[in-house]
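Okay, so here's the structure we're looking at.
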Amino acid sequence: GAGVLITASLDSTCKCWRGAEQVGLFDKHADSVRALATCPGSDLVVSGADDGTVLGWHASSPTADPSFTFECAHAGWCLCVAVCPAGEGLVHVASAGDDNIVRLWPHLRHDDGDAVAACTPFALDQHENRVTAVALGGPADAQVLASGSADRAILVFAIPGRGSSEAPSLRYSLEGHAGTVTSIVCAGQSLVSSSEDRTLRVWDLTTGAAGSQLLGHAGAVNALAIVQQAGLVASDETHVSLVSGADDKSVLLWDIDLGSVPDAKTDGDAAAASADAVEEEEEDPPKDYDILVSCIASDESSVYFGRADGRTTVYNYAND
């Protein structure tokens, strides 16, 4: 529901929060939960666990039985999941793991048990190492699945139309990162990725062209999210505001010109982006942890930073 933050944990649970108050608990996983995604425009949540299972459930009723259960979707840990609307009440669901496999359940009617049972996922095995990031997005008439891996490549697949039995087709293999790809977001007709090589990169989803390389972090970049605050994301999709977090314990805010993507096979200069740190001060931070930023989420009022010490820091735009 509106204003609810969802968190996942190695204790095998997901929790729903409104402010500092826990308002719900989802405890249907049997192993540590490392992957979590929410569907824009609904309260559908998808989570993935170390036993390879992927579950779909509703934030408004976390104690109810899952809407769908994909057992053993992966032969190892499920490291990342994604979900997005597919029109007419349907959704696309994707997952990836340390078995090097990406799975896609396209055009899924998630609230219909028979439809879920009849939906056979596509298994995409083009990566050469564990798959650490997955995203769904792109233009409504040409939606894509993008995956990033420890093999340093980003693969972009065209999602087949509803009713098609064809497998997703590989459109682009995007290469340029010098380390594991840790996060991917789709912004209009662009894709932004982060990596352990300490950089972010912008790519054109329509051509596969490499765009700007964003420099600013001094450690591996672990997390990336679009800032949802009204007014920060341009309505004409020529700009997008992003927030990134890294092993250097910093959080950076970027304003990216999506219209500056160069022609294919050219390297962009470092972006003229706003990279102001948005760091929360603490009187006496714990001494037993390196407080690196491990995940990020955003809504219209706040950015949420998941940290390696198991706590979440909230940055409120109104208090900036």
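Quick notes on this one:
- Listed by first and then second residue, the pairs linking a residue in the stretch 149-176 that is closer than 19 Å to D99 by Cα and of a type in the set (K, R) to a residue that is open to solvent by less than 40 Å² (accessible area, probe 1.4 Å) and part of a strand (DSSP E or B), with Cβ atoms under 7 Å apart and 6 or more places separating them unless they lie on different chains, are R152/V181.
- Failed criterion for C14 (all others in (1) open to solvent by less than 20 Å² (accessible area, probe 1.4 Å); (2) under 27 Å from I159 (Cα atoms) hold): (2)
- Residue match in the stretch 102-123 (condition: open to solvent by 30 Å² or more (accessible area, probe 1.4 Å), under 12 Å from A146 (Cα atoms) and of a type outside the set (F, W, Y)): yes
- Comparison of R152, R109, R103, R130 shows that the only residue that is of a type in the set (D, E, K, R) and in contact with a Phe, Trp or Tyr (Cβ under 8 Å, 6 or more places away or on another chain) is R103.
- Selection count, the stretch 23-32, where residues are acidic (D, E) and open to solvent by less than 60 Å² (accessible area, probe 1.4 Å): 1
- The lone exception for A135 - which of (1) at pLDDT 95 or above; (2) of a type in the set (G, A, S); (3) in contact with a Ser or Thr (Cβ under 6 Å, 6 or more places away or on another chain); (4) closer than 29 Å to V314 by Cβ it fails: (3)
- Residue check for A20: under 25 Å from V303 (Cα atoms) and surrounded by fewer than 17 Cβ atoms within 10 Å (Cβ to Cβ): yes
- Looking across the stretch 33-75, the residues that are open to solvent by 70 Å² or more (accessible area, probe 1.4 Å) and in a loop (DSSP other than H, G, I, E, B) come down to P40, G41, S60, T63, D65, E71, C72, A75.
- Among the residues listed as A94, A86, the single one being of a type in the set (G, A, S), open to solvent by less than 10 Å² (accessible area, probe 1.4 Å) and in a strand (DSSP E or B): A94
- Selection within the stretch 284-320: residues that are of a type in the set (S, T, N, Q) and part of a strand (DSSP E or B). The member of this set that is modelled with the highest pLDDT is T312.
- Flag if T182 is over 17 Å from A135 (Cα atoms), open to solvent by less than 40 Å² (accessible area, probe 1.4 Å) and at pLDDT 95 or above: no
The values are calculated or read from the model by the stated rules, or taken from the named source; none is laboratory data. Please read these numbers as outputs of a predicted model, since none were measured by experiment. All Cβ positions, even for glycine, are placed from backbone atoms using ideal geometry, and neighbour counts span all protein chains on display. For the accessible areas, the whole protein counts, side chains as well, though only heavy atoms, and no ligand, DNA or RNA atoms are used. Shrake-Rupley method; radii C 1.70, N 1.55, O 1.52, S 1.80 Å.
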